[in-house]
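J.: Submitted below is the structure of interest, expressed as structure tokens.
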Amino acid sequence: AQTVTQSQPEMSVQEAETVTLSCTYDTSESDYYLFWYKQPPSRQMILVIRQEAYKQQNATENRFSVNFQKAAKSFSLKISDSQLGDAAMYFCAYPKGISSGSARQLTFGSGTQLTVLP
Amino acid sequence: EAGVVQSPRYKIIEKKQPVAFWCNPISGHNTLYWYRQNLGQGPELLIRYENEEAVDDSQLPKDRFSAERLKGVDSTLKIQPAELGDSAVYLCASSPGAGGADYGYTFGSGTRLTVV
């Protein structure tokens with residue numbers, strides 16, 4: 001079963017507008033972390049924002065914020081005042097144990113390609 | 001501070017040939033990860049090192065893939081022989097310790113492998 005699901009393969013937004021990227025995940029844990037990474041054409045995965053599940057307050061980093069709905073296992077990313085430099089592939093990620101007793105590893109969704117239109 | 005450094009950036013080889021990728025993690029980061037990213041998909045873990053020990057290689061196709069991390073610093077990932085399906089981006093990441101998954105990793109820029 002897929003742990004992290006991103007149902008929007010592609011999204012576009014007009015420059016200066018707001019866009020929301022969706023992510024759902026599956027876990028039986030109560031305390032965990034969630035991440036959004038950005039991957040521009042340079043291929044380097046860049047950490048955008050991190051949310052701690054035990055915190056009710058949604059994380060915010062400048063123009064980037066999340067809408068974390070723990071009961072619904074939903075973790076969406078909102079980008080405000082979109083800029084041309086925001087164009088990239090965005091991945092939602094969750095630390096998941098690959099095997100019993102193993103330390104957790106970041107497990108990624110399939111990504112959303114964001115295009116910013118001038 | 002230098003980030004995670006990978007080389008080469010690009011590699012094109014014929015099928016059945018060997019290929020190797022190199023990664024230098026951030027200084028002091030004990031945990032190193034190799035991920036494979038197929039076109040249009042998210043990265044998938046191949047192997048994780050704690051210092052020089054491979055502590056999770058359950059996702060590594062051991063018939064043709066091998067990896068090493070001598071002295072617990074640099075790491076090399078090798079494919080021999082390469083197949084057409086191995087065409088992908090190979091990403092290296094590092095974190096200060098085993099709990100790095102809870103804090104996020106630092107990634108390199110990856111090696112794009114094309115097998116023809």
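J.: Return the total of residues in the stretch B:35-94 being over 21 Å from B:Pro8 (Cα atoms) and of a type in the set (Asp, Glu).
T.: Number satisfying all stated conditions: 6.
J.: May I pose another question? Considering only the stretch B:74-99, how many residues are surrounded by fewer than 17 Cβ atoms within 10 Å (Cβ to Cβ) and at pLDDT 90 or above?
T.: Going through the stretch B:74-99 one residue at a time, the tally reaches 8.
J.: For the stretch A:1-13, give me each residue that is part of a loop (DSSP other than H, G, I, E, B) and either in contact (Cβ under 8 Å) with a residue 40 or more places away in the chain or within 12 Å of chain B (Cβ to nearest Cβ) (or both). Before you say what the answer is, go through the steps one by one.
T.: If we filter the stretch A:1-13 for residues that are part of a loop (DSSP other than H, G, I, E, B), which is where we start, we get A:1-3, A:6-9.
A:Gln2, A:Thr3, A:Gln6, A:Gln8, A:Pro9, listed by residue number.
J.: Which of the residues that make up the stretch B:8-29 are surrounded by fewer than 14 Cβ atoms within 10 Å (Cβ to Cβ) and either part of a strand (DSSP E or B) or touching a His at 6+ places or on another chain (Cβ under 8 Å) (or both)?
T.: Those that are surrounded by fewer than 14 Cβ atoms within 10 Å (Cβ to Cβ) and either part of a strand (DSSP E or B) or touching a His at 6+ places or on another chain (Cβ under 8 Å) (or both): B:Tyr10, B:Ile12.
Residue-wise test of (1) within 13 Å of another protein chain (Cβ to nearest Cβ); (2) at pLDDT 95 or above; (3) farther than 18 Å from B:Tyr103 by Cα; (4) touching a Pro at 6+ places or on another chain (Cβ under 7 Å).
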position	(1), (2), (3), (4)
A:Glu15	no, yes, yes, yes
A:Asp26	no, no, yes, no
A:Arg43	yes, no, yes, no
A:Ala53	yes, no, no, no
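The values are calculated or read from the model by the stated rules, or taken from the named source; none is laboratory data. This structure is a prediction, so every number in the text was calculated from the model and none was measured. No Cβ is skipped: glycine too gets one built from the backbone with ideal geometry, and neighbour counts run over all protein chains shown.
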